[in-house]
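S.K.: Please find one structure pasted underneath; my questions will follow.
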Amino acid sequence: MVIVFAASECAPWAKTGGLADVVAALPKALVALGHKVSVFIPYYRQVAKLAPECPVVQPSVTIPFPHYNRFVQILDGGVKDGVQLYFVANSEMFDRDSFYATPGGDYLDNAERFGLFSRAVIEATKVLGVPDVFHVHDWQTAILAVLLRSTYFFDPVLKGVPAVLSIHNAGYQGWFPPSTMELLLLPWDMFTFDKLESYDSVNFLKGGVLYADAITTVSRKYAEEIQTSEFGNGLEGILQRRSSDLFGILNGVDYAEWDPAHDSNIAAHYTAENLAGKKKCREDLLHAFGLNDVAETTAVIGVVSRFATQKGFDFIVAIMDRLVQEDMVLVILGNGEEYYERLLTETANRFPGKVRVQVKYDNVIAHKIEAGSDMFLMPSRYEPSGLNQMYSLRYGTIPVVRATGGLEDTIDERHGGQGNGFKFWGYNPEDLLDAIKRALATFQNKEEWTGMMKRGMAQDFSWEHPAKEYVRVYERAVNNRN
């Protein structure tokens, strides 16, 4: 099959979260299965710094708006691992300090920016090769599915091409004023409650859910959760109606980057058969955070995360005064909401021998935390897929998680250390503290703990199996459209 990915992020070019990792890894796995894949992303300022001189493959693509035209260039980002990368360039729309927003809020013209991008992808494929299927991601490119079924409905080349929408996080939907219909030249009869309209706004993600030929999300559990009022964020009704076209496919892990057997970012390599290197990684991690004289019997708990209530930091803060009384040290890497950045920094200052925080994102330190920690903490309110718990399993670092989304699908707690981690179900800090205490108690039994480490390291979350599931979804969408 010929597959075109349209996404707002792709690692390492543009990344704010797991979306970028998926758009980087899944196409490689599809190519390995014999398919032809191209990926389109915007040519952001950050991308231009990494790829300043790209050949122009289409010098001027015209994108019409009501009272003017915009022009984009399609740049050749090269072929890596068999995947063709293209950049959509327009300096006015994408040459900015960040991808989506300023510190004061979202860019006011995001509808125009990503409407332009989505339509440019469609137009580019007319010249570069029409795919068998478009694969679009989150609200930023969900509008491409809407365009195919409206603006391009009568296009003889494109009218039979299906679109598959992947929802990586239903909490972000792309809400814009009614004038967006006219701006993007969409027919006004689509601005109704049963189509794109939601609370007198145009909802990009809702449109994608309605008009995509199939919908996927990033774990089986999250596919169930987003059909409920707690996690659907207002889309649960429409997702229930489309449940026969909704598929939960757990994200995979790129073991070329995340494997302690060959990770270039860590102090020593190790495997499930020879764990000696993990001790050196632990020493290196403690040194990187300025923690000295930590006993081998003291558990090192790691966190790599965006600082946000959604990630459970309200729980972490709530239990901190009691957690520091336990035989553990806590190392935290990340950034996010200013409230938590300040609060965690103050906590580290109060308990310098127990808690250390680095307010930033640093890929090397993230790898060091995965390799050097004994446990990894993910108390998320919701976690559509999660990748860090799967990284942790491969590194022999036992996850402690809330049972939601992909965390529920991947972590199995069993009595006597027979599972691969620890989890809690309630949404309150006491349940989190209890799960950590269970983990700390098991940590003192080295035989049980080592068994859990080896069990997790033996699990395979590579992209091959998810890629095959996506192919089945693509084939179903193509067959249904024909």
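S.K.: Taking the conditions exactly as written (under 30 Å from Phe247 (Cβ atoms), touching a residue at least 60 places away in the same chain (Cβ under 8 Å) and touching a His at 6+ places or on another chain (Cβ under 7 Å)), does Pro379 satisfy them or not?
M.R.: In short, no.
S.K.: Another question, then. Kindly list the number of the only condition in (1) touching a strand residue (DSSP E or B) at 6+ places or on another chain (Cβ under 7 Å); (2) in contact (Cβ under 8 Å) with a residue 60 or more places away in the chain; (3) among the basic types (Lys, Arg) that fails for Arg438.
M.R.: Status for Arg438: all satisfied but (2).
S.K.: Going by what's in this entry, would Met1 be described as at pLDDT 95 or above and either among the polar types (S, T, N, Q) or crowded, with 19+ Cβ neighbours inside 10 Å (or both)? Steps first, answer last, please.
M.R.: Working: at pLDDT 95 or above: yes; either among the polar types (S, T, N, Q) or crowded, with 19+ Cβ neighbours inside 10 Å (or both): no.
Considered against the rule, which asks whether it is at pLDDT 95 or above and either among the polar types (S, T, N, Q) or crowded, with 19+ Cβ neighbours inside 10 Å (or both), Met1 comes out as no.
S.K.: Note down all Cβ pairs under 6 Å where the first residue falls in the range 334-357 and is over 17 Å from Ser373 (Cβ atoms) and assigned to a strand (DSSP E or B), the second is open to solvent by 50 Å² or more (accessible area, probe 1.4 Å) and β-branched (Val, Ile, Thr), and they're at least six residues apart or on different chains.
M.R.: Close Cβ pairs (under 6 Å, with a partner that is open to solvent by 50 Å² or more (accessible area, probe 1.4 Å) and β-branched (Val, Ile, Thr)) amount to Asn335/Val359.
S.K.: Could you tell me which numbered condition Ala256 fails, if it satisfies all but one of (1) surrounded by 15 or more Cβ atoms within 10 Å (Cβ to Cβ); (2) over 30 Å from Asn480 (Cα atoms); (3) within 27 Å of the chain's Cα centre (by Cα)?
M.R.: (1)
S.K.: Separate question: Can you find, within the range 48-58, the residue that is least open to solvent (accessible area, probe 1.4 Å) among those that are outside any loop (DSSP other than H, G, I, E, B) and at pLDDT 95 or above?
M.R.: Pass one, the range 48-58, residues outside any loop (DSSP other than H, G, I, E, B): 48-50, 56-58.
Applying the additional criterion that residues be at pLDDT 95 or above yields 56-58.
On the way: Val56: 74, Val57: 58, Gln58: 19 Å².
Step by step, filter the range 48-58, then rank; the result is Gln58.
S.K.: Of all residues in the range 4-24, how many are out of contact with any strand residue (DSSP E or B) (no Cβ under 9 Å at 6 or more places or on another chain), part of a loop (DSSP other than H, G, I, E, B) and open to solvent by 30 Å² or more (accessible area, probe 1.4 Å)?
M.R.: Final tally of qualifying residues: 2.
S.K.: Of all residues in the range 43-61, how many are farther than 22 Å from Val2 by Cβ and either among the hydroxyl-bearing types (Ser, Thr, Tyr) or in contact (Cβ under 8 Å) with a residue 60 or more places away in the chain (or both)?
M.R.: The total comes to 3.
S.K.: Pull up the range 435-451, narrow it to residues that are over 22 Å from Gly312 (Cβ atoms) and either out of contact with any Phe, Trp or Tyr (no Cβ under 7 Å at 6 or more places or on another chain) or hydroxyl-bearing (Ser, Thr, Tyr) (or both), then point me to the one that is most open to solvent (accessible area, probe 1.4 Å).
M.R.: Glu447
S.K.: I'd like the full set of residues that are within 22 Å of Arg282 (Cα to Cα), surrounded by fewer than 20 Cβ atoms within 10 Å (Cβ to Cβ) and of a type outside the set (D, E, K, R), limited to the range 321-347.
M.R.: Once the filter is applied, which keeps residues that are within 22 Å of Arg282 (Cα to Cα), surrounded by fewer than 20 Cβ atoms within 10 Å (Cβ to Cβ) and of a type outside the set (D, E, K, R), the range 321-347 yields Val324, Gln325.
The values are calculated or read from the model by the stated rules, or taken from the named source; none is laboratory data. A quick note: this is a predicted structure, and the numbers were derived from the prediction, not measured. So basically every Cβ, Gly included, is an ideal-geometry build from the backbone, and we count neighbours across all protein chains shown. The area values use the complete protein model at the heavy-atom level, side chains included, leaving out ligands, DNA and RNA. Shrake-Rupley method; radii C 1.70, N 1.55, O 1.52, S 1.80 Å.
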